[in-house]
Amino acid sequence: MKRMTAEIPQETIQAEQESMARVREMDGRPASYFIVTYGCQMNVHDSESLEGMLQQMGLTGAADRTCADFVIFNTCCVRDNAERRALGNVTWLKELKKTNPQLRVAVCGCMIQEPGMAEQILRTYPFVDLAFGTHNLYHFPTLFEQMLIRQRRVIEVVPDDLGSVPEDLPIVRSNPYQAYITIMYGCNNFCSYCIVPSVRGRERSRESSRILAEAEALRRDGVREIMLLGQNVNSYGLDREDGMRFPQLLEAIDKVGIERIRFMTSHPKDLSTDLMDVMAAGSHICPQLHLPVQHGNNRILKSMNRRYTREQYLEKVAMLRERIPNISLSTDVIVAYPGETEAEFEDTCSLVEQVRYDSAFTFIYSPRTGTPAAIMPDQIDPETASRRIQQLIAIQKQITAENFAKYVGQVHHVLVDAPSRRDPSQMSGKNEYNITVNFDGSPDMIGQILPIRITEAKETTLKGTLVEDSHD
Ligand code: SAH
Ligand code: SF4
Ligand code: F3S
């Protein structure tokens, strides 16, 4: 039976709000928090909600984790190294708890949704006070209150989502000019290497009117760029009966009038010509697309359950470039998938050379328990995997350099974000192609979209100078 998406009932959200009010008044509750976030934009955005709830409960943000009364780790489990990094840092807090017995520690996010993981964490790390999964995020105030009242450890994991989406949670946005909007939760694709569908649940789309109202409110607040989030935004709306699909939603959001719109992630199999047309015709949609290919060989793509061929992917790239000639493409690629032969790996290299992405995120395949690929024969040895990824990185580096060289001399529009990390006399921001551009400027430019003439291409960023006689 097809499950339809519904919102979390208003009474439940009301109960969470009451819980937040009680914690706020509680004697001896933690006064400050620190959130450590791993993983993708979904997690970054979830952490913004956690922050909103913590602030509503009266806690204030601490400068770093050593001086906070409450530390929460929002974890990722997409690859083994993401998981190890999170656990390594949790262990480190054990020492801190010796010097500050009042310290409370929580672990949440995708790792906790792995079967048995919450119990394992509580067993291995006796100093962890609270663990909850991704489907319980909206329930955090109640769990936090229970932890404080009962003075004992709290754990809550819902094995699967209940087909519901939370609305009206408090949120603290980390940037006043750029914002994330979740348009859908979960993933139905079950790529054979990927753990995300089992830790994030099935696809659930938010109601389009809610999304549009949020975009409208952000515009009124002065937000100039939004990123629409979903594991597979192209299947937005398929679980709802109210009609809007992603191309229509994007078209409607374009009319709201926020200067820049981006979205991720697009699954190539669902990238329709309708969507390409909306992107081409839109007034505010950035000429940029993250279109993960994962592999360049058809046998491997089939085994990965990606449901497109190399030829179909290349055709979509060609159609995109026909409509939006200056589009900047980026991708995700996995090397050393089980059984990958040298010739199959070379197919990935040739695809990358053919598409000529502006950037590529390259990953060594990491077996994830419970996924079909983890028990496939012919897992690739680490030396071969490492050699292949190095080879691919070198190819992409060369292509990035050549693509970036072509940007020199052009005028790009940069949403100024912050002083550059390397040189504080320089300002840094993203251009329409989502590439970081640094230029001589001052902090009063933060939040403006400025024309910058590109003067130099660096390895992963661009340098430029402000075009003086212009207006924002
Ligand atoms: N929903 C997005 C990506 C989610 S995960 C999409 O479909 O594109 C982000 C990236 O992590 C994936 O694109 C993939 O390249 C990589 N990834 C996922 N599982 C992996 C695994 N088991 N080993 C290595 N890389 C993996
Ligand atoms: Fe994972 Fe595939 Fe879903 Fe992306 S589309 S989250 S890679 S299962
Ligand atoms: Fe990681 Fe969860 Fe995102 S597993 S990549 S944080 S959806």
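Between residues in segment 371-387 that are more than 15 Å from PHE190 (Cα to Cα) and touching a residue at least 24 places away in the same chain (Cβ under 8 Å) and residues that are open to solvent by less than 90 Å² (accessible area, probe 1.4 Å) and of a type in the set (A, V, I, L, M), which pairs lie under 6 Å by C-beta distance while being six or more apart or on different chains? Note: pairs meeting the criteria are ILE380/ALA336; ALA385/ALA336; ALA385/ILE364.
Number of residues in segment 169-195 that are within 16 Å of ligand 1 (Cβ to nearest atom) and either within 28 Å of GLN56 (Cβ to Cβ) or open to solvent by less than 20 Å² (accessible area, probe 1.4 Å) (or both) equals 11.
Applying the condition of being of a type in the set (S, T, N, Q) and not in a strand (DSSP E or B) to segment 281-303 and asking which residue is surrounded by the most Cβ atoms within 10 Å (Cβ to Cβ) yields ASN297. Of the residues screened, GLY109 is one that is open to solvent by less than 20 Å² (accessible area, probe 1.4 Å), within 26 Å of THR371 (Cβ to Cβ) and touching a residue at least 40 places away in the same chain (Cβ under 8 Å).
The helices (runs of 4 or more DSSP H) located wholly in segment 196-271 that include 3 or more residues which are surrounded by fewer than 20 Cβ atoms within 10 Å (Cβ to Cβ) and either within 16 Å of ligand 1 (Cβ to nearest atom) or in contact (Cβ under 8 Å) with a residue 12 or more places away in the chain (or both) occupy 208-220, 246-256. Annotation note: of ILE195, ILE261, the sole residue that is more than 29 Å from ARG368 (Cα to Cα) and under 19 Å from the mean Cα position of the chain (by Cα) is ILE261. If we scan segment 169-180, do we find a residue that is assigned to a strand (DSSP E or B), out of contact with any Cys (no Cβ under 6 Å at 6 or more places or on another chain), within 15 Å of ligand 3 (Cβ to nearest atom) and at pLDDT 95 or above? Checking segment 169-180: at least one residue is assigned to a strand (DSSP E or B), out of contact with any Cys (no Cβ under 6 Å at 6 or more places or on another chain), within 15 Å of ligand 3 (Cβ to nearest atom) and at pLDDT 95 or above. Evaluate segment 158-168: report whether one residue or more is open to solvent by less than 20 Å² (accessible area, probe 1.4 Å) and more than 16 Å from ligand 3 (Cβ to nearest atom). Yes, segment 158-168 contains a residue that is open to solvent by less than 20 Å² (accessible area, probe 1.4 Å) and more than 16 Å from ligand 3 (Cβ to nearest atom).
Specify the residue that is farthest from ligand 3 (Cβ to nearest atom); the eligible residues are those in segment 100-123 that are in a helix (DSSP H, G or I) and closer than 19 Å to GLN151 by Cα. Per the stated criteria, the residue is ARG123. The condition of being outside any loop (DSSP other than H, G, I, E, B), surrounded by 14 or more Cβ atoms within 10 Å (Cβ to Cβ) and within 16 Å of ligand 3 (Cβ to nearest atom) holds for only one of ALA374, ALA385, that being ALA374. Scanning segment 1-37 for residues that are within 16 Å of ligand 3 (Cβ to nearest atom) and open to solvent by 20 Å² or more (accessible area, probe 1.4 Å), we see that the one that is nearest to VAL105 (Cα to Cα) is ILE35.
The values are calculated or read from the model by the stated rules, or taken from the named source; none is laboratory data. Being a predicted model, the structure only gives us computed values, none of them experimental. So basically every Cβ, Gly included, is an ideal-geometry build from the backbone, and we count neighbours across all protein chains shown. For the accessible areas, the whole protein counts, side chains as well, though only heavy atoms, and no ligand, DNA or RNA atoms are used. Shrake-Rupley method; radii C 1.70, N 1.55, O 1.52, S 1.80 Å.
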